[in-house]
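Okay, structure first, notes after.
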Amino acid sequence: MTNARRGARLTAQNLQNLKDLGFRFVLIKGYTPDWRADSISLNHFILAPVKHLPEDPAEKEIYEPIDSEILLDWASPNSEVIAFIQTEGYVR
């Protein structure tokens, strides 16, 4: 499932594009296949690009470096994880 208004399917090329734009991390958010964020499916994620991690402890969530092996695994064509990169309203 894809929703062009909200995200682009995670690929290695998309991760590289984010890195080229200066993003260093992604905020990992769960979602359901109908894009509700109120419950989480363990293999459906939205990744919000972030340039800097927040310093305020109240803003700490689950972040992953752009070049992590986990994200590269999720971006592989054989991955069972369904992840989208948030394309509007970047976090930072």
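Please find the FRET efficiency linking I62 to A8, where r is the Cβ-Cβ separation and R0 is fixed at 30 Å, and quote it to the nearest 0.05. Write out the running numbers ahead of the final one.
On the way: r = 20 Å, r/R0 = 0.67.
According to the calculation, E is roughly 0.90.
Name the residues whose placed amide hydrogens come within less than 5 Å of the amide hydrogen of L10, ignoring near sequence neighbours (fewer than 5 apart) on the same chain.
The answer is A83, F84, I85.
Enumerate the calculated ³J(HN,Hα) couplings along the range 19-26 in order (Karplus 6.51 cos²θ - 1.76 cosθ + 1.60, θ = phi - 60°), each rounded to whole Hz, writing x wherever the residue is Gly or Pro.
4, 5, 7, x, 6, 10, 9, 10
How large is ³J(HN,Hα), in whole Hz, for each residue of the range 44-61 in order, when computed from phi with the Karplus curve 6.51 cos²θ - 1.76 cosθ + 1.60 and θ = phi - 60°, using x for Gly and Pro?
Result, rounded to whole Hz: 10, 9, 10, 10, 9, x, 9, 8, 9, 6, x, 8, 6, x, 5, 9, 6, 9.
Within the range 51-84, which GluC sites (Glu not before Pro) sit in a loop by DSSP and count at most 13 neighbouring Cβ atoms inside 10 Å?
Passing sites in the range 51-84 are E55, E61, E80.
Tell me, what HN-Hα J-couplings in whole Hz come from the Karplus equation 6.51 cos²θ - 1.76 cosθ + 1.60 at θ = phi - 60° for each residue of the range 67-82, using x for Gly and Pro?
Calculated HN-Hα couplings, in order: 9, 6, 5, 4, 5, 4, 5, 4, 7, 5, x, 8, 5, 8, 7, 10 Hz.
Bear in mind that the values in this text are calculations on the coordinates, not laboratory data. Just so it is clear, the structure is predicted and the values come from calculations on it, not from any experiment. Using ideal geometry, Cβ is built from the backbone for each residue, glycine included, and neighbour counts are taken over all protein chains shown.
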